[in-house]
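Down below is the structure, laid out as structure tokens.
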Amino acid sequence: MTEGKKNDFGKPPISLLHRNFIEGAAQVMAFGAGKYDRFNWCGGIAYTRLIDACMRHLIAFYDGEDIDPESGLPHIHHACASLNMLCGMTVLHPEKDDRYKP
């Protein structure tokens, strides 16, 4: 029997992402959906606000705090969620790019 054909050349290999990354970011996004609204972030958030949020969570993790006290979820998953939203902003709202550019 010959192998089935699947034209997936050039498509992103999602299997390279660890499921903890995907599920963790999704859990934080679900927490945010309950706090704000499911697609609140799609309305647009300044790049630097998302960068600041990501960095605050990374710094807390770097300093040895694993869990965000407000959500009860890992800081690194909060950082992943912030990056998810930042990636979305570059497509949905490039006008929200408020980074300093000399």
Of the residues in segment 52-82 that are outside any strand (DSSP E or B) and in contact (Cβ under 8 Å) with a residue 40 or more places away in the chain, the one that is surrounded by the most Cβ atoms within 10 Å (Cβ to Cβ) is HIS78
TODO: Inspect all residues belonging to segment 38-56 and state whether any of them is modelled with pLDDT under 95 and of a type in the set (Ser, Thr, Tyr).
DONE: no
Given the conditions (1) out of contact with any helix residue (DSSP H, G or I) (no Cβ under 6 Å at 6 or more places or on another chain); (2) closer than 24 Å to TYR100 by Cα, every one holds for LEU86 apart from (1)
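The values are calculated or read from the model by the stated rules, or taken from the named source; none is laboratory data. Bear in mind that the values here come from a model prediction, so they are computed numbers and not experimental data. FYI the Cβ positions are ideal-geometry reconstructions off the backbone, even for glycines, and counts take in every protein chain you see.
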